[in-house]
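First the structure, in the form of structure tokens, and then the observations on it.
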Amino acid sequence: MTQSLSGTVALVTGASSGIGEATAVALAAEGATVALVARRRDRLEALAERLGPKGSALVIEADVCDQAQAQGAVETTVRELGRLDTLVNNAGVMLLGPIVGAPIEEWQRMVNLNVLGLLYCTHAALPHLLAAAEGDPRSVADVVNISSTAGRVARLNSGVYNATKFGVVAFSESLRQEVTGRHVRVSIVEPGATGTELASQNRPVILEEMAKTFGGIEIMKAEDIANAIRYIVTQPRHVAINEILIRPTEQER
């Protein structure tokens, strides 16, 4: 079977675990060379070994909350791998709880990573994506931004996380209108409950509430979201999947 992403390069943020790790595996299986970006080098190196022969993945230790490091990750990718065709902005953090009396540092972490990190990576990547869309092998490029069901509906105890994910959706749609005529596709993926490390950084009382909400349903795996991303970026040039909302079958809202 022909690998539909052969000859292309993808950069995945938050690639050290969860959806980012699964996405890197999925894109590599389609023939892409993948730049793996995260802070945990040991995990990235282990993933790179899994992805195949030396040269099929590039490990980049970086904190995308820092503009210089985000820009450097993109520049290193293009310098080492020659191009950039796909950007998956997956890195994110979810810290839930009441707004009244909330730890401000939790808000800052979410805004810095969920919004600014995504913006920094996208800004640095766009010139290269636009260039890739002008020629072989596919004459199209992709930005895939990972939002959430929280980017659609605001809920109690999710206010600032909601704000960051609503922001991702708004930014993505505006960017889509700006670059779609130049064959850079911008897509949003909005996962519901998924079994990753995302929730683990919450305070114990929040984890208890989440267990009550989702403990009785079969939640999704990271690979389920990666398959949606694979579907988006392997479409033919004339097809753009702008948005995918994906939830466990039993999740009501």
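The values are calculated or read from the model by the stated rules, or taken from the named source; none is laboratory data. Keep in mind that this is a model prediction, so the values were computed, not measured. We place every Cβ from the backbone using ideal geometry, glycine too, and count neighbours over all the protein chains shown.
Restricting attention to region 49-59, does a residue exist that is at pLDDT 95 or above, within 16 Å of the chain's Cα centre (by Cα) and closer than 28 Å to Gly7 by Cα? Checked region 49-59: no residue is at pLDDT 95 or above, within 16 Å of the chain's Cα centre (by Cα) and closer than 28 Å to Gly7 by Cα.
Within region 33-42, being within 17 Å of the chain's Cα centre (by Cα) and of a type in the set (D, E, K, R) holds for Arg39, Arg40.
Taking the criterion of being assigned to a helix (DSSP H, G or I) and either free of Cβ contacts under 8 Å to residues at least 40 places away in the same chain or among the hydroxyl-bearing types (Ser, Thr, Tyr) (or both), the residues of region 222-253 that qualify are Asp224, Ala228, Tyr231.
When Gly97 is tested against the conditions (1) in contact with a strand residue (DSSP E or B) (Cβ under 9 Å, 6 or more places away or on another chain); (2) on the phi > 0 side of the Ramachandran plot, the lone failure is (1). Restricted to region 40-58, and to residues there that are touching a residue at least 24 places away in the same chain (Cβ under 8 Å) and over 23 Å from Lys221 (Cβ atoms), the residue that is surrounded by the fewest Cβ atoms within 10 Å (Cβ to Cβ) is Ser56.
Scanning region 166-191 for residues that are buried (at least 20 other Cβ atoms within 10 Å of the Cβ) and more than 16 Å from Cys121 (Cα to Cα) yields Val189, Glu190, Pro191. The lone criterion from (1) within 18 Å of Thr33 (Cβ to Cβ); (2) in contact (Cβ under 8 Å) with a residue 60 or more places away in the chain left unmet by Ala91 is number (1). Here Arg109 clears all of (1) under 19 Å from the mean Cα position of the chain (by Cα); (2) buried (at least 19 other Cβ atoms within 10 Å of the Cβ) except the condition numbered (2). Evaluating Met94 against the criteria (1) modelled with pLDDT of 95 or more; (2) within 17 Å of Gly14 (Cα to Cα); (3) among the aliphatic types (A, V, I, L, M) leaves one unmet condition, (1).
Inside region 167-194, residues that are touching a helix residue (DSSP H, G or I) at 6+ places or on another chain (Cβ under 8 Å), over 20 Å from Thr13 (Cβ atoms) and outside any loop (DSSP other than H, G, I, E, B) make up a count of 1. Residues in region 133-153 that are surrounded by fewer than 21 Cβ atoms within 10 Å (Cβ to Cβ) and under 21 Å from the mean Cα position of the chain (by Cα) were compared, and the one that is farthest from Thr196 (Cα to Cα) is Ala133.
Going through Thr249, Thr234 one at a time, which residue ends up being surrounded by fewer than 16 Cβ atoms within 10 Å (Cβ to Cβ) and at pLDDT 90 or above? The unique qualifying residue is Thr249.
In region 154-165, the qualifying residues are those that are among the hydrophobic types (A, V, I, L, M, F, W, C) and surrounded by 17 or more Cβ atoms within 10 Å (Cβ to Cβ), and the one that is farthest from Gly101 (Cα to Cα) is Ala163.
Cβ-Cβ contacts under 6 Å between residues 6 or more apart (or on different chains), taken from a first residue in region 159-170 that is over 15 Å from Asn90 (Cβ atoms) to a second residue that is of a type in the set (Phe, Trp, Tyr), are listed as Val160/Trp107.
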